[in-house]
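Read-outs throughout are calculated quantities, based only on the coordinates presented, and are distinct from any laboratory measurement. These figures come from a predicted structure and were not determined experimentally. Using ideal geometry, Cβ is built from the backbone for each residue, glycine included, and neighbour counts are taken over all protein chains shown.
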Amino acid sequence: MPAIETGKLTKYYGDTLGVEDLSLTVESGEVFGFLGPNGAGKTTTIRTLLGLQAPTSGTARVLGHDVTDERELIEARKRIGYLPSDPGFDDSVTGRRLLDYYASLRGDTRSEELLERFTPPLDRKVGEYSRGNRQMLAIVLAFMHDPDLVVMDEPTSGLDPLKQEQFLAFLESERERGKTLFFSSHILGEVQKVCDRVGIVRDGRLVELEDVRTLLDRSGKVVRVRVAGTPTLGAFDGPDVHDLQVSGTAESDGGSEDTGDYGDHDDHGDQDGATDTTAFSFTYTGGFGPLLRRLLEFDVQDLTVEDAPLEDVFMRFYGASGDAPAEISGDASTTGTPADATATTGGDRTRGGGAADTGGDA
Ligand SMILES: Nc1ncnc2c1ncn2[C@@H]1O[C@H](COP(=O)(O)OP(=O)(O)OP(=O)(O)O)[C@@H](O)[C@H]1O
């Protein structure tokens, strides 16, 4: 039985679209990341899934229970934890009072252990809490009854980087315990780290549903290579090469001098033992064989090949340049390669600047 199953789930607030025709299944034991820009419909989906607001149309079942059926919902909630984006606590009571209250409602099998990891000042009034302490208290409250499914709305917001890391490590350990975790996020690094699959919403619609590994494969590899000599850009250009850039020339000692049959070559090696080298970077979306054959044509001094940042994929879905969702969807589902999508981004974004561009990496 899936942990979460929605069918054409739609929620309008009057005339305002919250989310429309959202159909997705999250399997039991899965860690699912739910991503999208501001106002995309993430909170709407989460609140509807938890029965906190009624859908306009469509269906939603959580742990097998229909969320529009009050009695079923009561059953489901015993096994669900919820971490809201902005926990609306009664500010006049202490953290400990809240803890006791939640324990009386749903039970408490592990708050002690959780409080060793997450350390809100329990004896102070919640109204005096910092944002991070509020979030830590909310984490403890969401997990203390050891639910099978935990739904979290931007759970790391407000946490400092160290606590974010601890929280992500905690999610990993929860996954190992077989829990199902569904969380919304803007932070691509954390999604890449802990999620099995991601759904991306935009303008109230699901525009992508994919496992993280496939997304990374589709986004290609970033190749950074330094070769002896000064070949031109054309030396690396090709249909599977995107965002090709010369990222610098330098002199190095004792490189091979025998590199002179390609590109513009300006070899000082014979005179002073140093050889000009040129560094190129590009995103590569073809097979490894052709790449290796191409590289063998050069005297390679240094080489790194790594996954392209997820940021690049997400920028396409987030549509910073106003791409139409349908077009994006078509790219993704019909070609299964990043080639055409990367081509649409052109060469105007510098590799390595992606994380800073999106503010995405924690
Ligand atoms: N209670 C509400 N009344 C009216 N419109 C709402 C309400 N809640 C959300 N919306 C609208 O629904 C759309 C989706 O909002 P939602 O809060 O679900 O987005 P989100 O993806 O969670 O955004 P963020 O990342 O900023 O939290 C937005 O246009 C928002 O203005």
Do the alpha carbons of any pairs in Lys42/Lys193; Lys8/Lys163; Lys8/Lys179; Lys42/Lys179 sit beyond 28 Å of each other, and which pairs? Lys8/Lys163
Once you place label points 7 Å from the Cα toward the Cβ at Glu116 and Ser173, how far apart are they in nm? 0.8 nm
Thr249-Arg213 FRET efficiency (beta carbon distance; Förster radius 51 Å; 0.05 resolution): 0.90
Please give the FRET efficiency for Leu295 paired with Asp196, using the beta carbon to beta carbon distance and R0 = 25 Å, rounded to the nearest 0.05. 0.15
Taking 25 Å as R0, compute the FRET efficiency from the Cβ-Cβ separation of Tyr101 and Asn38 and round it to 0.05. 0.20
Among DSSP beta bridges whose residues both lie in region 44-196, state the antiparallel percentage, nearest 5. 25 percent
Does anything in region 137-162 have its amide N under 18 Å from the 7 Å Cα→Cβ label point of Val93, and if so which residues? 137-145
Rounded to two decimals, the Debye log10 I(q)/I(0) of region 1-61 (Cα scatterers, no solvent) at q = 0.17, 0.18, 0.30 Å⁻¹ is -0.53, -0.60, -1.41
